[in-house]
Amino acid sequence: AAAAPPPATLVVQVQERLPLGWRLCAFGTSFTVLARPPHYAALGVHMKPPPPSPFAGSLLSPMPGTLHSVAVEVGERVALGQELCVVEAMKMQNVLVAERDGVVSELYATPGDTLAADQPIVGFEK
């Protein structure tokens, strides 16, 4: 019989102790990890799922910056990989492209607007 491979090791940095867990950092990304006793976790099956975000499926700004330009208009059909807008951050222009085919339903920001990370820029029809 073949021996099982050793378990993978993941090294994380503890950023902060929270009341119900920890904020950890791995590969440059922060994660909030909840730690609950088993009997609390068992009660989770009775909880309602969180409501979907009103911006689910929208193009979100990947970083804080300034919206330099928008290459699409409301009602325009876009294809996977098509340029949607340019966000300028730290004097670098980042071209954001469509992650799927769709139709633009709303523009949440205009050129010159200051964007926060995860702020919606372009909405798509569902």
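When every alpha-carbon pair in the chain is counted, what percent end up more than 16 Å apart? Please report the intermediate quantities before stating the final value.
Numbers: 5731 of 7875 pairs.
Considering the chain, 73 percent of its Cα-Cα pairs are separated by more than 16 Å.
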Sequence-distant or interchain residues sharing an amide H contact under 5 Å with residue 122, placed H: which? 59, 108
Phi-derived 3J(HN,Hα) across the stretch 41-46 with the Karplus relation (6.51, -1.76, 1.60, θ = phi - 60°), rounded Hz, x for Gly and Pro, is 4, 5, 6, x, 5, 8
So the FRET efficiency between residue 32 and residue 125, C-beta based with R0 = 35 Å and rounded to 0.05, is 0.65
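Taking the Cα centre of the stretch 1-85 as the origin, how large is its charge dipole in debye, to the nearest 20, when only Lys and Arg (+1) and Asp and Glu (-1) carry charge on their Cβ atoms?
Values: 5 positive and 4 negative charges, 96 e Å.
Charge dipole of the stretch 1-85: 460 debye, to the nearest 20.
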Amide H to amide H under 5 Å from residue 15: which residues, 5+ apart in sequence or cross-chain, H placed 1.01 Å off N in plane? 23, 24, 25
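Taking the Cβ-Cβ separation of residue 103 and residue 68 as r and a Förster radius of 30 Å, what is the calculated FRET efficiency to the nearest 0.05? Write down the numbers at each step before the final one.
Working: r = 23 Å, r/R0 = 0.78.
It comes to 0.80.
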Label zone at residue 82, where the point sits 7 Å out along the Cα-to-Cβ direction: the stretch 48-67 residues whose backbone N lies under 15 Å: 59
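Just order 52-64, 113-125, 25-37 by mean Cβ neighbour count inside 10 Å, highest at the front, would you?
So the peptides 52-64, 113-125, 25-37, ranked by packing, come out 113-125, 52-64, 25-37.
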Per-residue HN-Hα couplings for the stretch 66-78 [Karplus 6.51, -1.76, 1.60; θ = phi - 60°; Hz; x = Gly/Pro]: 10, 6, 7, 7, 10, 9, 10, 10, 4, x, 6, 7, 10
Between residue 22 and residue 95, how many nm apart are label points set 7 Å from Cα along the C-beta direction? 4.1
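Throughout, read-outs are computed from the coordinates displayed, never taken from laboratory work. These numbers come from a predicted model, not from an experiment. All Cβ positions, even for glycine, are placed from backbone atoms using ideal geometry, and neighbour counts span all protein chains on display.
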